[in-house]
1. Please tell me if Thr218 is over 18 Å from the mean Cα position of the chain (by Cα), free of Cβ contacts under 8 Å to residues at least 24 places away in the same chain and either buried (at least 16 other Cβ atoms within 10 Å of the Cβ) or under 23 Å from Pro46 (Cβ atoms) (or both).
2. Filter the range 106-148 down to residues that are closer than 23 Å to Lys58 by Cβ, among the hydroxyl-bearing types (Ser, Thr, Tyr) and either touching an Asp or Glu at 6+ places or on another chain (Cβ under 7 Å) or modelled with pLDDT under 95 (or both), then give me how many there are.
3. Does the range 180-210 hold any residues that are out of contact with any strand residue (DSSP E or B) (no Cβ under 9 Å at 6 or more places or on another chain) and either surrounded by fewer than 17 Cβ atoms within 10 Å (Cβ to Cβ) or in a helix (DSSP H, G or I) (or both), and which are they?
4. Gly159 - would you say it is surrounded by 16 or more Cβ atoms within 10 Å (Cβ to Cβ), part of a loop (DSSP other than H, G, I, E, B), touching a residue at least 24 places away in the same chain (Cβ under 8 Å) and out of contact with any Phe, Trp or Tyr (no Cβ under 9 Å at 6 or more places or on another chain)?
Amino acid sequence: MTMRVLRLVPSFAVAALLGAVAGMVDGGGLAAVAAQADPRVEAARPAKRLVIGIDLSKSNPLITDSGFATKVGQRVGEMVAELGFASEVHVRTLGSYDATSNSFSFDAVISGRQRPDAVAADVTRLISGTPMLVERGAWVAQDKTNILAFLDNAAHSFGCADMETHIVLATDGIEDSEYARLARAGATLPAPRGEPFAECASLQILGLGQGQGSPEKTIELRETWTAWAEAAGFDIFLGLNDW
């Protein structure tokens, strides 16, 4: 099993980003509701791992549409708020395939000191504040969309065997890499090598086909990703254009 160092509190860099969006994005409502939860209930929930990928590629409307970013942020925040103690939350950005373009990381372990409501509010702010962070240059919009490479790295970095693991991607689902150019009509994803996610609970894509203005393209992307996720071993795939 890959060894990982899990930060119990956000790093200075992450804290700075959270501070930048704190005054513009409301994570307080979610936190206020979750704060009423009984800690005994949280402790009784099974531990889960939630890996969250934020797509910063230029094709993804999330980086420019603040309304949609807020919607995605709230949905993912609700997932985090329902986690039990000892659960892990990992947030990464994706886009280009190199070591420097996506160096951002946020890692937390749910505990009595780092409650799910607080982590949920932070994750909500990060995702909802994506357009502002890109506009200010804190995050850089990227020319490629390496979703498959991100998933491969996630499989090796976090794995699924030791804990129920869910991967959630805030992306339009349009792979644009050496593997595939899904914006092209009839393009498909290459078959996965084996079943690298055989022990993973679910893969979710939030924003599938957003920005394309084509219900037909959304259906095509959903069929493509459903087939790939099934072949890769995920128990469940959910691809949502809107909700």
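The values are calculated or read from the model by the stated rules, or taken from the named source; none is laboratory data. Keep in mind that this is a model prediction, so the values were computed, not measured. Every residue, glycine as well, gets a Cβ built from its backbone with ideal geometry; the counts of neighbours run over all protein chains shown.
1. So Thr218 passes the test.
2. Of the residues in the range 106-148, 1 are closer than 23 Å to Lys58 by Cβ, among the hydroxyl-bearing types (Ser, Thr, Tyr) and either touching an Asp or Glu at 6+ places or on another chain (Cβ under 7 Å) or modelled with pLDDT under 95 (or both).
3. Arg181, Arg184, Ala185, Gly186, Thr188, Pro190, Ala191, Arg193, Gly194, Glu195, Ala198
4. yes
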